[in-house]
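The values are calculated or read from the model by the stated rules, or taken from the named source; none is laboratory data. Note that the coordinates shown come from a computational prediction; the quantities given were computed from them, not determined experimentally. With ideal geometry, Cβ positions are generated from the backbone for all residues, glycine too; neighbour counts draw on all protein chains shown. Calculation scope for accessible area: heavy atoms of the full protein, side chains included, ligands and nucleic acids excluded. Shrake-Rupley method; radii C 1.70, N 1.55, O 1.52, S 1.80 Å.
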Amino acid sequence: MSMRHALLIRPAASDDDRADFSGTFVAHDPGAPALLLGDLAAQRGDGVFETVGVVDGVPHQVDAHVARLAHSAALCDLPAPNLDQWRQAIAAAATLCPAGEASVKLVLSRGVDGASTPTAWIAAGGAPDFTVARTRGIHVVTLDRGVSRGAAERSPWLLLGAKTLSYAVNMAALREAKRRGADDALFVSSDGFVLEAPTATVLLRIDGRYVTPPPEAGILHGTTQLSAFAWLEGRGENPEYRDVSVAELERADAAWLLSSVRLAAPVRAIDERALPVDAELTASLNDALRARTA
Ligand code: PLP
């Protein structure tokens, strides 16, 4: 994201019920220094984040994003964020976004090592151009995440399902996918279940039914996927969350990667297997995602 504006936020207690939080965030030049070297976001990637899509100044799925921020914070034992404060900060940042497709990124760090106050900021900027991915489609390769389907429940300290700042592994997976000649990766569990992409939810159409793996599988509950499900339901479909085995990928006749800024990118191949791109459905879905009013 090309960062153009930033707001530094003084995180309020979760039970602070004042109506107006505007005094708790201040504009900051994103080109100027802001973090102390001791901040654990920089030192250990110890914090959580969200990226909210914004179209023509309208931020999308704000409630779902702040709820997921709170969920991630809880998994990381960070102080619970004040949801109203973040909603107001998102609204303020969205007014700073350029016209067209843009994004705001929220960050909540554990703060400076040894201090007990979190650091928080929000950055507003443009969005990459996803036109080619949305029309031509993308080639994904399956990559083993090295954890089993039950790892999130068995080993909560792995923070699976939290959107932490530690995305080095996700970025390494993207580089590996590119080394293999693909555009993106699709993580699968060590025991053969489809999970998610490094920065997106996967939506599959199998036997005429739209499916996505459940958040309990240690993956993020995608806000774009929530919107896509609502849109599919509006068209009389009955999308479902369920475990999908890697073997079942053979039966998928369409697939998409969904995320807040890319929206829906159709998958044109999984590993060596080509998939048809449903251009009409994809275009309608992307139109609907762009036209959201909340
Ligand atoms: N899964 C992962 C690992 C992600 O990083 C993201 C978004 O960046 C998603 C799924 C999709 O979530 P959303 O649609 O809320 O952007």
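Screening T95 on (1) over 17 Å from the mean Cα position of the chain (by Cα); (2) crowded, with 16+ Cβ neighbours inside 10 Å shows it passes everything except condition (2). The residue pairs whose first member lies in segment 212-227 and is within 20 Å of V246 (Cβ to Cβ), whose second member is buried (at least 24 other Cβ atoms within 10 Å of the Cβ) and among the acidic types (D, E), and whose beta carbons are closer than 6 Å, counting only pairs six or more residues apart or on different chains, are I219/E196. Only one of the numbered conditions (1) open to solvent by less than 40 Å² (accessible area, probe 1.4 Å); (2) closer than 30 Å to A294 by Cβ; (3) away from the ligand (no atom under 13 Å from the Cβ); (4) under 20 Å from the mean Cα position of the chain (by Cα) is violated by G218, and that is (3).
Given the criteria surrounded by fewer than 17 Cβ atoms within 10 Å (Cβ to Cβ), touching a residue at least 40 places away in the same chain (Cβ under 8 Å) and over 19 Å from A173 (Cβ atoms), does T293 qualify? Break it down into steps so the answer makes sense when it comes.
Working: surrounded by fewer than 17 Cβ atoms within 10 Å (Cβ to Cβ): yes; touching a residue at least 40 places away in the same chain (Cβ under 8 Å): yes; over 19 Å from A173 (Cβ atoms): yes.
So T293 passes the test.
Would you pick out the residues in segment 37-91 that are among the acidic types (D, E), within 13 Å of the ligand (Cβ to nearest atom) and either more than 21 Å from R290 (Cβ to Cβ) or buried (at least 19 other Cβ atoms within 10 Å of the Cβ) (or both)?
Within segment 37-91, E50 is the sole residue that qualifies.
Please tell me if V246 is more than 16 Å from the ligand (Cβ to nearest atom), under 24 Å from G161 (Cα atoms), of a type in the set (V, I, T) and open to solvent by 20 Å² or more (accessible area, probe 1.4 Å). In short, yes.
Of all residues in segment 148-192, those satisfying the criterion of being of a type in the set (F, W, Y) and either within 11 Å of the ligand (Cβ to nearest atom) or open to solvent by less than 60 Å² (accessible area, probe 1.4 Å) (or both) are Y167, F187.
Applying the criterion of being more than 26 Å from G38 (Cα to Cα) and among the aliphatic types (A, V, I, L, M) to the residues of segment 117-147, the residue that is most open to solvent (accessible area, probe 1.4 Å) is V132.
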